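This report refers to the structure that appears directly beneath it.
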């Protein structure tokens with residue numbers, strides 16, 4: 001009997017001693033990882049802000065193929081939540097959102113030893129080459145957790161860093177694929193209304209065209225703003241003359257205005273006029289790098305429908321979205337117009 005009492009007190013002392021030992025160990029943690037993703041902050045932020053996307057880029061499915069997700073009707077923004085069930089159950093609620101800057105979330109993990117409630121946070125910082133994304137989680141281990149990690153040899157922080165790395169790489173892949181999406185639709189024969197426009201003209205190598213277009217377009221828009229002129233439509237580019245032998249193009253960046261504007265002598269921005277023109281219109285939704293394909297499809301339409309390109313006409317592009325306001329190239333809209341010799345045999349719509 002005395003031996004049993006001795007053993008009981010020995011076990012009790014071990015339990016008390018272990019509790020004191022593990023209780024004095026610091027259980028707080030703040031684990032974070034960062035990665036620069038080649039995309040604007042808004043594009044990366046939107047991917048993280050929407051819980052529906054987490055199933056695609058998250059590392060959880062790879063670790064637990066049985067996991068299932070449950071979403072509310074709204075899946076992005078402050079106050080939204082989602083839950084999951086599998087080898088471990090849990091839920092997450094977004095508590096704070098600063099668009100394109102920060103996200104804070106409350107995480108609930110339902111473990112055999114009870115619920116855990118760490119805090120999750122995200123930071124998005126615009127840097128050269130894209131967006132620096134920081135994904136972190138902070139909280140405090142319970143006494144049971146501290147004992148388990150110590151006795152089992154499990155490296156909690158190492159596992160979290162590994163999970164974060166896989167998740168961030170998944171976001172980068174998802175964003176890259178989303179930005180590559182594009183579509184081209186040949187709208188057919190249309191009548192572009194024409195009218196007055198302010199413009200500036202330059203010459204460039206074909207591979208330098210994109211680089212030169214933006215500052216030229218900004219020059220025209222600044223002129224319009226400083227002189228209190230009213231824009232009458234979306235900006236566009238006219239391709240005046242192409243020299244295939246030297247791979248150069250003379251082009252004008254233009255902004256429509258309501259009436260004729262007299263500019264002072266020597267002004268880099270002047271006023272022009274476009275007559276109404278019959279053209280085959282093709283719409284590109286996506287990055288400008290797909291414009292050559294849009295032109296090819298427009299020319300294929302012309303050939304298929306026995307139309308004739310106007311040899312005196314000048315091809316032009318209308319930019320219906322502003323890249324600075326629409327960061328994801330997959331959502332850029334560009335209208336491509338190839339002038340044709342007018343025909344009465346096909347219906348026309350008027351666009352401007």
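So what is log10(I(q)/I(0)) for the range 29-99 at q = 0.14, 0.19 1/Å, when the Debye sum runs over its Cα atoms only? Taking Cα atoms of the range 29-99 as identical point scatterers yields -0.52, -0.93. For the range 183-351, dividing the convex hull volume of the Cα atoms by the residue count gives 123 Å³ per residue.
So, by mean Cβ neighbours within 10 angstrom, what's the order for 39-51, 268-280 with the highest one leading? Don't jump to the answer; show the numbers that get you there.
Values: 39-51: 21.6, 268-280: 16.8.
Ranked by mean Cβ neighbours within 10 Å, highest first: 39-51, 268-280.
How big is D for the chain, in µm² s⁻¹ as a whole number, if Stokes-Einstein is applied with the Kirkwood radius of its Cα pairs at 20 °C and 1.002 mPa s? Roughly 85 µm²/s, to the nearest whole number. Ranking of 119, 281, 132 by neighbouring Cβ atoms within 10 Å, starting from the fewest: 119, 132, 281. A simple spin-label model places the labels of residue 227 and residue 155 6.7 nm from each other, with each point 7 Å out along Cα-to-Cβ. May I ask you to derive the FRET efficiency for residue 273 and residue 183 from their Cβ-Cβ distance with R0 = 35 Å, giving the value to the nearest 0.05? E between residue 273 and residue 183, to the nearest 0.05, is 0.60. Relative contact order for the range 24-180: what is it in percent, counting Cα pairs under 8 Å that are at least 6 residues apart? Rounded, it is 31 percent for the range 24-180.
Per-residue ellipticity at 222 nm computed for the chain from its helices equals -9500 deg cm²/dmol, with DSSP H segments shorter than 4 residues left out and the rest contributing -39,500 (n - 2.57).
Here the range 24-180 is treated as an ellipsoid with the same Cα gyration tensor; its semi-axes, largest first and in whole Å, are 27, 18, 15.
Compared with the direct C-alpha span, the chain from residue 52 to residue 36 gains 3.5 nm at full extension, assuming 0.36 nm per residue. Size of the range 144-268: Rg and Dmax of its alpha carbons, in Å, are 26.9, 84.
Maximal additional length on extending the residue 196-residue 176 stretch stands at 3.2 nm, based on 0.36 nm per residue less the C-alpha distance. Among 257-267, 90-100, the peptide with the highest mean count of other Cβ atoms within 10 Å heads the list, and the full ranking is 90-100, 257-267. Each part reduced to its alpha carbon centroid, the range 29-67 and the range 281-308 end up 37 Å apart.
Only Cα pairs under 8 Å and 6+ residues apart enter the sum, and on that basis the relative contact order of the chain stands at 16 percent.
Any read-out appearing in this document is the output of simple, stated calculations on the displayed coordinates, not a laboratory observation. The model shown is predicted, which means the values in this text are computed figures rather than measured ones. Reconstructed Cβ throughout: ideal geometry from the backbone, glycine too, with neighbour counts over all protein chains shown.
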